[in-house]
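Peer 1: My questions will all concern the structure given below.
No lab work stands behind these numbers, since they all come straight from the coordinates. In this text, all values refer to a predicted model and were calculated from it rather than measured experimentally. Here the Cβ positions follow ideal geometry from the backbone for every residue, glycine too, while neighbour counts run over all protein chains shown.
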There are 2 protein chains.
Amino acid sequence: MGIELSTAKALQLWHDVSLHQVRDEEPDLSVRQLAILLTIYLEAPPHTVRGLAAKLRVTKPVITRALDSMGKLELVSRRRDEKDRRNVLVQRTVKGALYLERFADSVGRISSRV
Amino acid sequence: MGIELSTAKALQLWHDVSLHQVRDEEPDLSVRQLAILLTIYLEAPPHTVRGLAAKLRVTKPVITRALDSMGKLELVSRRRDEKDRRNVLVQRTVKGALYLERFADSVGRISSRV
DNA sequence: GATAATCGTTTCGGCCCCGGACTATTCTTG
DNA sequence: CAAGAATAGTCCGGGGCCGAAACGATTATC
């Protein structure tokens, strides 16, 4: 019921988007960072370090470091959970939403040409 | 005409594919490496270091290093151009073709669920 | 209240990538 | 044939990311 992307078109789309991403001097996110960012913005909160690590099947420091670097770019923010102060709640930001909006727009534009 | 990917579906597709890519510990390619690999396989040869660097708007060492690491994985190979021995011709390999085929298949499978 | 479990972070040594500058080789030009 | 241009590779100091392990803070268990 989905998009029905043929093999050739899938590769062409990935090629064009990757090229666009590499060329653009946007803050270059790694595959892992982008996966984390998209999970935070597309899946229902709350998001914790441990939960993200389990979902991506990576170790906790990977999440901590990615949140550090994306936090510097203000794409995400952190807040202590007051109910259980061991937890950190990862939160969305305006800049992060705009970043993904731009990204989705460029994918959409490119896909209409593939 | 193209694929007509809506903004929401574009993000969902990228999320699912990135997640799949991060989880599967396939030889982990960076965004740049994947862009180079796709360019080699989708655009018409010949491919030289200088040409790839210009197309991606990165420096030459980036291409050399990426070819080194992807060469170790046997995803691409290099050959001297006998017509002009200053040039190196980047060539496709069976493993590289299979790698991209698997990648495209997973994108196709995921897109049909988005 | 003492002990154990949980959570996020930090530390550690190692590895890879970055771009600018430089080198070696191979044409091209005059 | 000599001088310069073009090409790919290498070197260098800097920086980021990696997983395992140790750590401090907090909560749960008994």
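Peer 1: For B:Lys72, list the lysines whose Cα falls under 18 Å from its own Cα; do not include residues on the same chain fewer than 8 positions away.
Peer 2: B:Lys95
Peer 1: Nothing charged except the Cβ atoms of Lys and Arg (+1) and of Asp and Glu (-1): what's the magnitude of the dipole of the stretch A:29-102 about its Cα centre? Round to the nearest 20 debye. The partial results should precede the final answer.
Peer 2: Details: 16 positive and 7 negative charges, 50 e Å.
Computed about the Cα centre, the dipole is about 240 debye.
Peer 1: Same structure again: Other chains near A:42-49: what is the mean number of their Cβ atoms within 10 Å of each residue's Cβ?
Peer 2: Whole-number average of other-chain Cβ neighbours for A:42-49 is 1.
Peer 1: Report Rg (one decimal) and Dmax (nearest whole number) for the protein assembly as shown, counting Cα atoms only, units Å.
Peer 2: For the protein assembly as shown, the Cα radius of gyration and maximum Cα-Cα distance read 18.8, 71 Å.
Peer 1: B:Arg78 label points, 7 Å along Cα→Cβ, one per copy: pairwise distances from this copy to the rest in nm, shortest first?
Peer 2: Ordered by increasing distance: 4.1 nm.
Peer 1: Which one of B:Thr93, B:Thr59, B:Leu13 has its Cα pushed farthest toward the positive end of the charge dipole of chain B, where Lys and Arg give +1 and Asp and Glu give -1 at the Cβ?
Peer 2: B:Thr59
Peer 1: How much of the pair distance distribution for chain A lies past 26 Å, counting alpha-carbon pairs only, in percent? Intermediate values should be presented prior to the final figure.
Peer 2: Details: 1794 of 6441 pairs.
Tail fraction, whole percent: 28.
Peer 1: Using R₀ = 30 Å, calculate the FRET efficiency as 1/(1 + (r/R₀)^6) where r is the Cβ-Cβ separation of B:Asp28 and A:Arg23; round to 0.05.
Peer 2: 0.85
Peer 1: Same structure again: Given charges of +1 on the Cβ of Lys and Arg and -1 on the Cβ of Asp and Glu, with all other atoms neutral, how large is the dipole of the stretch B:65-109 about its Cα centre, in debye to the nearest 20? Mind showing how you got there, number by number?
Peer 2: Numbers: 12 positive and 7 negative charges, 33 e Å.
With only Lys, Arg, Asp and Glu charged at Cβ, the dipole is about 160 debye.
Peer 1: Where a ≥ b ≥ c are the square roots of the eigenvalues of the C-alpha gyration tensor, would you call the stretch A:36-93 rounded, which needs a/c under 1.5, or, failing that, prolate if a/b is larger than b/c, or oblate?
Peer 2: On the way: a/c = 1.26, a/b = 1.08, b/c = 1.17.
The shape class here is rounded.
Peer 1: Using only the alpha-carbon atoms, how far is helix B:31-42 inclined from the longest principal axis of chain B? Give it as 0 to 90 degrees, nearest 10.
Peer 2: The angle comes out at about 80 degrees.
Peer 1: Taking R0 as 30 Å, what's the FRET efficiency between A:Glu82 and B:Arg113 from their Cβ-Cβ distance, rounded to 0.05? Intermediate results must be reported in sequence, preceding the final value.
Peer 2: Numbers: r = 37 Å, r/R0 = 1.24.
Taking R0 as 30 Å, the efficiency between A:Glu82 and B:Arg113 is 0.20.
Peer 1: Put the label 7 Å from Cα along Cα→Cβ for A:Arg50; what are its distances to the other copies, in nanometres, shortest first?
Peer 2: 5.7
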